[in-house]
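These notes are about the structure you will find just below.
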Amino acid sequence: MKNWKDLPDSNQEFRQSAERRLADTGPDVTGEPQHRLLHELQVHQIELEMQNEALREARAIAEHALERYAELFDFAPIAYFTLGSDSRIQQTNFNGERLLGAARSNLVGRRFANIVAGEHRPVFNRFMENVFCNPGAERCEIVLDSGGKSSWVSIEAIADADRKSCLAAMVDISERKQAEQELQLAATVYLAIEEAIMVADTDNRIVAINPAFTKLTGYSAEEAIGQSTSLLKSGRHESAFFQAMWHSLNTTGQWQGEIWNRRKNGEEFLARLSISTVYGENGLPVRRVAMSSDITEQRRAEEIISKQANIDPLTGLPNRRLFLDRLQRAINKSHRTRQKMALMFLDLDHFKDINDTLGHDFGDRLLEETSLRLKSCIRETDTLARPGGDEFTLIMGELKDLNSIERVAQALLQTMMAPFQLKDERCYVSVSIGIALYPDDAETLDELLRKADQAMYAAKKLGRGRFCFFTPAMQASAESRLRLTNDLRHALADKQLWVAYQPIVELATGKILKAEALVRWQHPRRGPIEPTEFIPIAEETGLINEIGTWVFHQVAEQVWNWRMNYYDQFQISINKSPAQFHSNSDKLSDWFEHLQRLGLPGSCIAVEITEGLLLDGSTIVAEKLAAFKNAGMQTSLDDFGTGYSSLSYLKKYHIDFLKIDRAFVSNLTAGSTDMALCEAIIMMAHILGMKVIAEGVETEEQRCLLLKAGCDYGQGFFFSKAVTAEALEKLF
Ligand code: C2E
Ligand code: CA
Ligand code: CA
């Protein structure tokens, strides 16, 4: 098959070709006129034949091309339509059928406009007008509704030369449109959403943020992008918090929680944060998207609401609800730890009368003031609550020492003794306290409440302004302590106290070179009372200072006497409680002056202190110890081995004697661990420049072992109990 190019393209060419063909085959042409005419005819004949042939060929080519183009048209991957100016379909291809979901026979003759979705018809009509008016191709995107499904198409159409029809090419763009719409939606959401969005890459560099992020954090896109995600870190969370977050991100790709972050201006805020991971095609993370919102205010509001539900607005104390909750927790804890807990019911005496006569306003102020006063008497771990009216409750948990209940109750009564003053009004209000113990008095919350209430009524009945235990035994011991406290106040003046002396023996020689002064109380009715019972009361009430000074004066005179008559280096040690060290009323200068008046050096006295005092580290303690040292007095560390037993700080405080506790000494047998420890302590003490006194030596064996271990002095029943000064003199 020849191509278009191979055909002669002008008459001139045909003629030349015909001439050449004739010259090859025909006779020679002469100049004769008849010859010339014939020649012309022959040439024309050939020319005509050639033209015919060319035409035939051209038609064949054209027909073939048409066939090919019809095929192309039919099988083109694009839907083609030929539409009339009234949009009637004249022709379409397979893809056109497929696009509209109908056979060609059903389509031809239908108006295309009827297939266009209603709301898109105006657009389509304008488009068709443009196609037939304008010279070039036109484009539009519309939705078609055909065969029950709708699809987005892009149409490109160009009118034929006669402007009676047009060729329209259509592509289904539904997928692209959907993606576009989703993208647009996402973009709208991204821009408009209230939540701050931060996108980070796998190096934790910020790659994108939205406007809400800027609003929340104060960082603009320029400032944030490229920064590390730790830009917002507040420093409020431990590293364990972030470890858990990363663990979750690495295992599940997700993390949700609350986090304290920091804004650009330094302000911290609580954010609810959710992080998700975007994975690449290889399944590895490529992006992390963090969405957060500020919940600081919300949390604050929640706290206020929960506070309102749990707090008494007048006093700021827990209300009934929170009190019951705390009580249940305290009971559970007590059950778990096997430590006792106490519940106190406090009721203001005659509050109703005050309220009625002085007005509710005064009543309110009084309750406020009461709550402040009560609060000042309790430990931080205790819960003071106001369940209602003029009733207060106190939960005391983790009780190691039951005496502390009574101590607190006393303090509460005491603090209420001062008058309440409001403007011109002044009044006195006492409180009645009922106390019940868990698990001693009750096994359940309700029972405990009932028992405390009963105890409180008992207190009222007994005359108000007092406390009552639910348990008779507790009540009895509390009352006895109370009486003892009152009695102790008069004991000094009534000369019921006296000082006993226990000899301290130099182990190597058996000589009594020292003695410890131990105070004794001869109670007029109860007989002798142990120092272990009354010294704590003296400490609580502050009477210990008075007693201590009195003991000191007794001892000073005694040591003067013994130095004169027995041994000129004699030394007496006196015990000093921590309470005395912390007190300001303890005038050391008076002590030193007293020694001077008697012409005694400081070294005639040793002060016994306990380890706890040294560990407390307060300056007032250090100052007083230094004052003793300056005055030449010596110091002994009492009860060594029962407390922290650390030798390291002893050097710092210049301790002269170490007293090994009797609990330690009583277990001494040859080769025992206690023996080994004893030996070690003695050795260490000597290295640190201290002498060692063993307390509680009761047997000859103990004396021997201690002597062998290098112990300097011994004290205990083996030598003598604490006795009167006269009795001790007999032992010299
Ligand atoms: P402490 O200072 O450890 O006194 C030693 C206690 O052990 C004394 O008890 C003493 O009688 C007792 N004791 C002595 N040798 C033996 C023995 O071989 N075996 C046994 N089982 N016990 C022995 P006391 O006199 O009842 O004193 C008890 C605590 O009272 C003293 O313990 C001391 O901490 C305190 N205390 C005594 N008098 C005073 C004082 O005047 N002022 C201060 N602040 N506290 C004092
Ligand atoms: Ca002592
Ligand atoms: Ca002791």
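Our note on the geometry: Cα centres of region 533-550 and region 478-525, 11 Å apart.
The magnitude of the dipole of region 488-731, with charges of +1 and -1 set on the Cβ of Lys/Arg and Asp/Glu and taken from the Cα centre, is near 360 debye. Note on the chain: dipole from Cβ charges, positive end direction compared against GLY280, PRO211, LEU658; the farthest Cα belongs to LEU658.
Using only the Cα atoms of region 79-179, build the gyration tensor, take square roots of its eigenvalues as a ≥ b ≥ c, and label the shape rounded, prolate or oblate: rounded if a/c is under 1.5, else prolate if a/b is larger than b/c, else oblate. Show your work: numbers first, answer last.
Details: a/c = 1.66, a/b = 1.24, b/c = 1.34.
Oblate.
Any chance you could give the angle, 0 to 90 degrees and rounded to 10, that helix 403-415 forms with the longest Cα principal axis of the chain? It works out to around 90 degrees.
What residues have an amide H closer than 5 Å to that of ILE142, excluding those fewer than 5 places away on the same chain, when H is modeled at 1.01 Å from N in the peptide plane? HN-HN under 5 Å from ILE142: VAL153, ILE155.
Using alpha carbon centroids, what distance separates region 304-333 and region 78-117, in Å? The distance from the Cα centre of region 304-333 to that of region 78-117 comes to 79 Å. Seen against the Cα atoms of the chain and their longest principal axis, helix 543-565 is set at about 50 degrees.
In terms of overall dimensions, region 23-127 has a Cα radius of gyration and Dmax of 27.0, 83 angstrom.
For the chain, just run the numbers: alpha carbon Rg, then divide by 2.2 N^0.38 Å, N being how many residues it has.
Working: Rg = 55.1 Å, N = 732, 2.2 N^0.38 = 27.0 Å.
In units of the globular-protein estimate, the chain measures up at 2.04.
Put a plus charge on the Cβ of each Lys and Arg, a minus charge on the Cβ of each Asp and Glu, and nothing anywhere else: the dipole of the chain about its Cα centre is then about 2100 debye.
With a ≥ b ≥ c the root eigenvalues of the C-alpha gyration tensor of region 360-504, is it rounded (a/c under 1.5), prolate (a/b larger than b/c) or oblate? In terms of gyration-tensor shape, oblate. Converting the Cα gyration tensor eigenvalues of region 506-606 into ellipsoid dimensions via √(5λ) gives semi-axes, longest first, of 25, 19, 12 Å.
Report the local net charge at LEU48: Lys and Arg +1, Asp and Glu -1, summed over other residues whose C-beta lies under 13 Å from its C-beta. Numbers along the way, then the final one.
Values: positive: ARG15, ARG21, ARG56; negative: GLU40, GLU47, GLU49, GLU53.
Computed value for this residue: -1.
Distance distribution note for region 193-294: the fraction of Cα pairs above 15 angstrom is 61%. Show me the chymotrypsin sites (Phe, Trp or Tyr not before Pro) within region 64-145 that DSSP assigns to loop and that have at most 15 other Cβ atoms within 10 Å of their Cβ. Answer in residue order: no site qualifies.
Using C-alpha pairs under 8 Å with a sequence gap of at least 6, the mean separation divided by the residue count of region 274-351 gives a relative contact order of 13 percent.
Say R0 is 60 Å: what FRET efficiency, to the nearest 0.05, do SER376 and ARG526 get from their beta-carbon distance? Before the final figure, lay out each step's value.
Numbers: r = 34 Å, r/R0 = 0.57.
Here the calculated transfer efficiency is 0.95.
Can you find, among ALA500, THR610, GLY147, the residue sitting farthest towards the positive end of the charge dipole of the chain, where Lys and Arg contribute +1 and Asp and Glu -1 at Cβ? The residue sitting farthest along the positive end of the dipole is ALA500.
Exposure check, 1.4 Å probe, all protein chains in place: TRP260 carries approximately 70 Å² of accessible surface.
Couplings for region 481-493, taken from phi via the Karplus curve 6.51 cos²θ - 1.76 cosθ + 1.60 with θ = phi - 60°, read 5, 4, 5, 4, 4, 5, 5, 4, 4, 9, 4, 5, 4 Hz in order; Gly and Pro are left as x. When the chain is described by a simple charge dipole with +1 on each Lys and Arg Cβ and -1 on each Asp and Glu Cβ, the residue from CYS427, LEU598, GLN254 located farthest towards its positive end is LEU598.
Separation of region 552-567 and region 347-387, taken as the distance between their Cα centroids, equals 55 angstrom. So what is the relative contact order for the chain, in percent, with contacts set as C-alpha pairs under 8 Å and at least six apart? Value for the chain: 5 percent. Near ARG110, the amide H atoms lying under 5 Å from its own belong to ILE89; only residues 5 or more places off or on other chains count, and H is placed 1.01 Å from N.
The phi-based Karplus calculation (6.51 cos²θ - 1.76 cosθ + 1.60; θ = phi - 60°) puts the 3J(HN,Hα) values of region 105-116 at 4, 7, 8, 4, x, 7, 7, 4, 4, 6, 8, 6 Hz, whole numbers, x for Gly and Pro.
Evaluating 6.51 cos²θ - 1.76 cosθ + 1.60 at θ = phi - 60° for every residue in region 323-328, the Karplus couplings come out as 4, 4, 5, 5, 5, 4 Hz, glycine and proline recorded as x.
Which of the GluC sites (Glu not before Pro) across region 110-178 are loop residues per DSSP, with 15 or fewer other Cβ within 10 Å? Walk me through the intermediate numbers first.
Details: sites: GLU119, GLU129, GLU138, GLU141, GLU156, GLU175; in loops: none.
Here no loop site has a sparse enough neighbourhood.
To the nearest 10 degrees, how steeply does helix 174-192 sit against the main Cα axis of the chain, on a 0 to 90 scale? The angle comes out near 30 degrees. Taking the helices alone, the chain has a mean residue ellipticity at 222 nm of -14500 deg cm²/dmol, built from -39,500 (n - 2.57) per DSSP H run of at least 4 residues and averaged over all its residues.
Have a look at the DSSP beta bridges in region 478-624 and tell me what percent are antiparallel, nearest 5.
60 percent
Taking a ≥ b ≥ c as the square roots of the eigenvalues of the Cα gyration tensor of region 33-92, is the shape rounded (a/c under 1.5), prolate (a/b larger than b/c) or oblate? Note, shape of region 33-92 comes out prolate.
The values are calculated or read from the model by the stated rules, or taken from the named source; none is laboratory data. For clarity, every value in this text was computed on a predicted model and none was experimentally measured. Using ideal geometry, Cβ is built from the backbone for each residue, glycine included, and neighbour counts are taken over all protein chains shown. Accessible surface areas use protein heavy atoms only, side chains included; no ligands, DNA or RNA. Shrake-Rupley method; radii C 1.70, N 1.55, O 1.52, S 1.80 Å.
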